[in-house]
Amino acid sequence: MSQLKAFPKEFLWGSATAANQCEGGWDLDGKSPSIADCITMGSLGEARKITLELDEEKYRYPSHRAVDFYHRYKEDIALMAEMGLKVFRMSINCTRIFPTGEETEPNEAGLAFYEDVFRELKKHGIEPLVTLCHNDMPLAFTKECNGWKDRKLIDYFLKYCKAVFTRYRGLVRYWLMFNEINIMTKPTGNWHHAGICHEGTTDFGNQVDVPQDRYQALHHLFVASARAVKLGKSIDPSYQFGTMVTSFLYYPYTCSPDDIFYAYEQTQIQGYFCTDVQIKGEYPYYMQRYFERNGIRLAMEPDDLKEIKEGTVDFLSFSYYGSNCLTVQETKEELLGNMSKGVRNPYLEITQWNWGIDAKGLRYSLNCFYDRYHVPLMVVENGLGAEDHPVRTADGGLTVEDDYRIEYLKRHIQEMRLAIDDGVELLGYTTWSAMDIVSLGTGEFKKRYGFVYVDCDDKGEGTLDRYRKKSFYWYKKVIETNGECLEG
């Protein structure tokens, strides 16, 4: 690859986590339950149950302990610094700041915790990339008003934003409002992304869906995001704000015109609708058509569209794990993905959790996004979930010979460099995840993504001690050479 353009000198090599998947300390220092705290353990074959009333005798809630970043953040950040990370994508659990959402003043213990984390990162020369709402919000809002279906959450979100934008001025530059906001175009978006739980919903895989309510909630998210951008810029003009979506990369399963148009239509709605609104600042024509055909009528206040137009974001960030094929046929083998389903692509390998591995699709996604929007891009989630098997080292510690993870990441980094050579403006890359954490989709610990092995099993048992995997040293070399050396 020596003839290709190099990664930019200031390229932000990093890794990522989410508060509800790593922190633990779910009820400490004034924090109240979030929607993530009432989701039970699950597996590939068993969906995570949603229990609005906690029952710790009957169920296990993985987020309650997670991997205890809340108490071990200095140790974890030291490991990130040893790897050479330039950026760490993390999230603030808003229930540490405004525990129920009804408070008039923020919780000082929560504000102080994240300030300590940011200062520790800065001490090691690591830039924080902060997600304001990453699949958590006060559980109280679900119980009282069914989450983001209620417009009053816009004011709550702005109160929260004002507190953190003011407190962390000079410590944080890059902000993401909502994690994978475009999952709200699918029924799975109800719970994790909006705190909506209609009567009859029992688990994450079987949610009662009311499209009118879901798209109304998404509109409220758009308005809240736009207002947050404007508020943040007024507090610190140097703040940079991004949208964050998951890459719904869909290929037509066949060259049948029916399959081609179906894949195109789903890509519009799931893949581009949210970024069209948050970057272009307006609802696209195809969603007007979709709303009319599906009887959806959004309630808007007079200035909503004006605010959306004025509060566009500075950059586009996205998660990328693989692609899916779509067809109008009904008899093909199903393949999973990151909150998506499709049919098996015969040209792709699949992971242990039945996700298609498509490194070239990352280059394709980068080109598609850049061609459509001409704004800087970041890949903020990319990684391989696998069941790692630790082995003893000569000094009695543990490691994981995770060559499969190295190969996955290597292939995706190669495709990112090709995209840069294509002319794409790519700011950074944060793998999923820095250390092993709780799986969002299944609640498992055995589905591991990290460079650091955490001693914890699916029963939540283990020392939580940290051990460097082989991929830890490999990624350190990648960063040291700015992407030039990718060999394991």
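The values are calculated or read from the model by the stated rules, or taken from the named source; none is laboratory data. Quick caveat, the model's predicted, so the values are computed rather than measured. Every residue, glycine as well, gets a Cβ built from its backbone with ideal geometry; the counts of neighbours run over all protein chains shown.
Here are some notes:
- Pick from region 207-225, criterion outside any helix (DSSP H, G or I) and β-branched (V, I, T), ranking: surrounded by the fewest Cβ atoms within 10 Å (Cβ to Cβ): V208
- Filtered by the rule that a residue be hydrophobic (A, V, I, L, M, F, W, C) and modelled with pLDDT of 95 or more, region 198-230 gives V208, V210, A217, L218, L221, F222, V223, A224, A226, A228, V229.
- Scope region 440-481; condition buried (at least 24 other Cβ atoms within 10 Å of the Cβ), out of contact with any Asp or Glu (no Cβ under 8 Å at 6 or more places or on another chain) and of a type in the set (G, A, S); matching residues: G443
- Among the residues of region 8-25, those that are assigned to a loop (DSSP other than H, G, I, E, B) and either surrounded by 22 or more Cβ atoms within 10 Å (Cβ to Cβ) or within 19 Å of the chain's Cα centre (by Cα) (or both) comprise T17, A18, E23, G24.
- Residue-level check: of (1) closer than 23 Å to K410 by Cα; (2) at pLDDT below 95, L362 misses just (2).
- G483 meets the conditions (1) at pLDDT 95 or above; (2) on the phi < 0 side of the Ramachandran plot in every case but one. The failed one is (2).
- Residue within region 402-420 that is assigned to a loop (DSSP other than H, G, I, E, B), under 20 Å from E127 (Cβ atoms) and touching a Leu at 6+ places or on another chain (Cβ under 9 Å) present: no
- Considering region 63-182, the qualifying helices (runs of 4 or more DSSP H), each wholly inside and each with 2 or more residues that are at pLDDT 95 or above and closer than 24 Å to F11 by Cα, run over 69-83, 108-123.
- Number of residues in region 98-130 that are of a type in the set (V, I, T) and under 16 Å from F69 (Cα atoms) equals 2.
- Tally of residues being of a type in the set (D, E), modelled with pLDDT of 95 or more and under 21 Å from the mean Cα position of the chain (by Cα) across region 430-467: 1
- Of all residues in region 190-206, those being out of contact with any Gly (no Cβ under 9 Å at 6 or more places or on another chain), surrounded by fewer than 24 Cβ atoms within 10 Å (Cβ to Cβ) and not hydroxyl-bearing (S, T, Y) number 3.
- Filter result for E102 (in contact (Cβ under 8 Å) with a residue 12 or more places away in the chain and either among the basic types (K, R) or surrounded by fewer than 18 Cβ atoms within 10 Å (Cβ to Cβ) (or both)): yes
- For G396, the requirement of being farther than 30 Å from S256 by Cβ, of a type outside the set (D, E, K, R), in a loop (DSSP other than H, G, I, E, B) and under 19 Å from the mean Cα position of the chain (by Cα) is not met.
- Conditions (1) in contact (Cβ under 8 Å) with a residue 60 or more places away in the chain; (2) touching a helix residue (DSSP H, G or I) at 6+ places or on another chain (Cβ under 6 Å); (3) crowded, with 22+ Cβ neighbours inside 10 Å: number failed by L158: (3)
- Residue under evaluation Y473, criteria (1) in a loop (DSSP other than H, G, I, E, B); (2) free of Cβ contacts under 8 Å to residues at least 60 places away in the same chain, criterion not met: (1)
- Residue match in region 314-335 (condition: of a type in the set (K, R) and closer than 26 Å to N367 by Cα): no
- Residue check for G450: over 30 Å from P284 (Cβ atoms) and either out of contact with any helix residue (DSSP H, G or I) (no Cβ under 6 Å at 6 or more places or on another chain) or part of a loop (DSSP other than H, G, I, E, B) (or both): yes
- Residues that are in contact with a strand residue (DSSP E or B) (Cβ under 9 Å, 6 or more places away or on another chain) and within 15 Å of G441 (Cβ to Cβ), drawn from region 36-61: I39, T40, M41, G42, L44, E46, A47, R48, K49, I50
- Residues of region 35-52 that are more than 22 Å from W432 (Cα to Cα) and not in a loop (DSSP other than H, G, I, E, B): C38, K49, I50.
- Meets criteria (modelled with pLDDT under 95, surrounded by 14 or more Cβ atoms within 10 Å (Cβ to Cβ), among the small types (G, A, S) and touching a Gly at 6+ places or on another chain (Cβ under 8 Å)) for S323: yes
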